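Structure, as structure tokens:
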Amino acid sequence: MTLLATGADKARVLAETDAVVGLNNVSLSVPSGAIYMVMGLSGSGKSTLARCINRLNEPTAGKILLDDIDIVPLREDALRELRRTRISMVFQHFALLPNKSVIENAEFGLKLRGVSAARRRRRAEEVLAIVGLAKWAYHRPHELSGGMRQRVGLARALATDADVLIMDEAFSALDPLIRTEMQDELLRLQHTLKKTILFITHDFQEALKLGTRIAIMSEGELVREGTPQSIVLEPGSDYVAAFTREVDRSRLFDARSVMRTGSTVSGDGSARIVGDAEHPEAMSFAIDASNRIVGCLDAAALQQVKAGKPVGDLLTRDFVAVSGATKLVDVAGLYQSGKAMAVIDEDGRFLGMLEPEHILGRIASAARSPAPASMGGHNA
Ligand SMILES: Nc1ncnc2c1ncn2[C@@H]1O[C@H](COP(=O)(O)OP(=O)(O)OP(=O)(O)O)[C@@H](O)[C@H]1O
Ligand SMILES: [Mg+2]
């Protein structure tokens, strides 16, 4: 700890002492009800972080707050209670008991916690139904596929009713098709369960699909944290950029994230005109008092409005409106040459405008923008 405090890195600590730095200076906050992803290369400290949270690993220093309870100083009985009621863990390799039936595996956590046989059986039946394994309750794990076995692991974690789930590479051992199925299943379950999930993975596509936020670990430290979109846009280092390189940006970013909001450039009593002051050649939109688009104008028409002609005489309907949540890949499909594009909200209110170059710029820029100079890297 003293060496670390002087700025020594993990390698130096290992060389000069007999201690391994598992985690150093990791500070993050997991929003309640979120699926929070932790990513990083092998050995970066992901499992160590996960195991600190329920104190399978004892942190040497620092705080781990669950709501406002610090987990680190908890005594054995309080810790046991916390593991019983608040935090469950799903492991990478199923960790099922091979000579117990599926339902015995699902209720195993409850059995350890002293729940009566009848009650735990009822609860296990419920959770097996939730994960779609009701029919398999009295089979042995070896009769199940990998994905089904992983669902037994999930059922076992759900059985305890803990509101925090820690899933350490829970899907990594599954083949790609089953893995996709399990991801969909988790998203479906989460829709109703609304657990707080810390999900460890080394697969960035999985992080994008499941995560509301992503933390990226390297050498025991947290090197980047943010929403998937922000991490892809500004990886900040070559290490992070390497994860984001293969990401299909057109499926990640939506219309809202690339639109220009513009500003009021002209108007009359019937409508205000919102345009892009920096690009006077671009189309502009006439917006009524309830923020709905009444039409669009080209640059020449805008000049005439500015010269005093009524807006209503100059409007055309040469535009396409897309919702703010439309992914860029779908926006591209709606683009019609010569037509302006507007972004609207669920109620049809104007949010902003799109130019083809905004879309292309966003899809391309993150892929080739150099890392900030302070991080010293050029990721071509
Ligand atoms: N029990 C232990 N004793 C000593 N060092 C350990 C122990 N467990 C983990 N480490 C070290 O802590 C570091 C982080 O390991 P950790 O298991 O957290 O990595 P990880 O990111 O989960 O990797 P993987 O993707 O391979 O699971 C590694 O350098 C490892 O050698
Ligand atoms: Mg691990």
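Readers should treat all values here as calculations from the given coordinates under stated rules, not as data from a laboratory. Only a predicted model underlies this, so the values are computations on that prediction, with no experimental measurement involved. All Cβ positions, even for glycine, are placed from backbone atoms using ideal geometry, and neighbour counts span all protein chains on display.
In terms of modelled amide H atoms, which long-range or inter-chain residues lie less than 5 Å from the amide H of Val38?
Phe199, Ile200, Thr201, Ala215
Using each residue's phi in region 134-142, evaluate 6.51 cos²θ - 1.76 cosθ + 1.60 at θ = phi - 60° and report the 3J(HN,Hα) Karplus result to the nearest Hz, with x for Gly and Pro.
3J(HN,Hα) across region 134-142, in whole Hz: 3, 6, 9, 3, 9, 8, 8, x, 5.
With +1 on the Cβ of every Lys and Arg and -1 on the Cβ of every Asp and Glu, and nothing else charged, how large is the dipole of region 255-362 about its Cα centre, in debye rounded to the nearest 20?
80 debye
Give me the net charge of Arg260's neighbourhood, meaning all other residues with Cβ under 9 Å from the Cβ of Arg260; Lys, Arg count +1, Asp, Glu -1.
Every neighbour counted, the sum reads -3.
As I understand it, the value is the acute angle between the Cα axis of helix 117-130 and the longest principal axis of the Cα atoms of the chain; what does it come to in degrees, rounded to 10?
Between the helix axis and the principal axis of the chain, the angle is about 30 degrees.
State to the nearest 20 debye the size of the charge dipole of the chain about its Cα centre, where the only charges are +1 on K and R beta carbons and -1 on D and E beta carbons.
Dipole of the chain, to the nearest 20 debye: 1360 debye.
In which sequence would Leu165, Leu14, Leu174 go, from the one with the fewest C-beta neighbours within 10 Å to the one with the most?
The fewest-first ordering by Cβ neighbours comes to Leu14, Leu174, Leu165.
All other residues with a Cβ under 12 Å from the Cβ of Asp318 taken together, and with Lys, Arg as +1 and Asp, Glu as -1, what is their net charge?
My count for the surroundings of Asp318 gives +1.
Taking the chain as a Gaussian network, where each spring joins two C-alpha atoms under 10 Å apart, which residue of His93, His142, His279 fluctuates the most?
Checking each option, the largest mean-square fluctuation is seen for His279.
Hey, fewest Cβ within 10 Å first, where do Asp175, Asp238, Asp168 land in order?
In increasing order of surrounding Cβ atoms, one gets Asp175, Asp238, Asp168.
Please work out how much length the chain gains when fully extended from Thr2 to Arg188, using 0.36 nm per residue of separation minus the C-alpha to C-alpha distance, in nm with one decimal.
62.3 nm
Where both residues lie in the chain, what percent of DSSP beta bridges are antiparallel, nearest 5?
Around 55 percent of the beta bridges assigned by DSSP in the chain are antiparallel ones.
Can you give the angle from 0 to 90° between the axis of helix 356-368 and the longest principal axis of the chain, with both taken from C-alpha atoms, to the nearest 10?
40 degrees
Could you tell me what percent of the DSSP beta bridges with both partners in region 255-362 are antiparallel, to the nearest 5?
80 percent
When the chain is modelled as a GNM with alpha-carbon springs shorter than 10 Å, which of Leu41, Leu198, Leu65 fluctuates the most?
Comparing Leu41, Leu198, Leu65 in the GNM, the peak value goes to Leu65.
Between Leu233, Leu158, Leu112, find the one with the highest GNM mean-square fluctuation for the chain; connect C-alpha pairs within less than 10 Å.
Leu112
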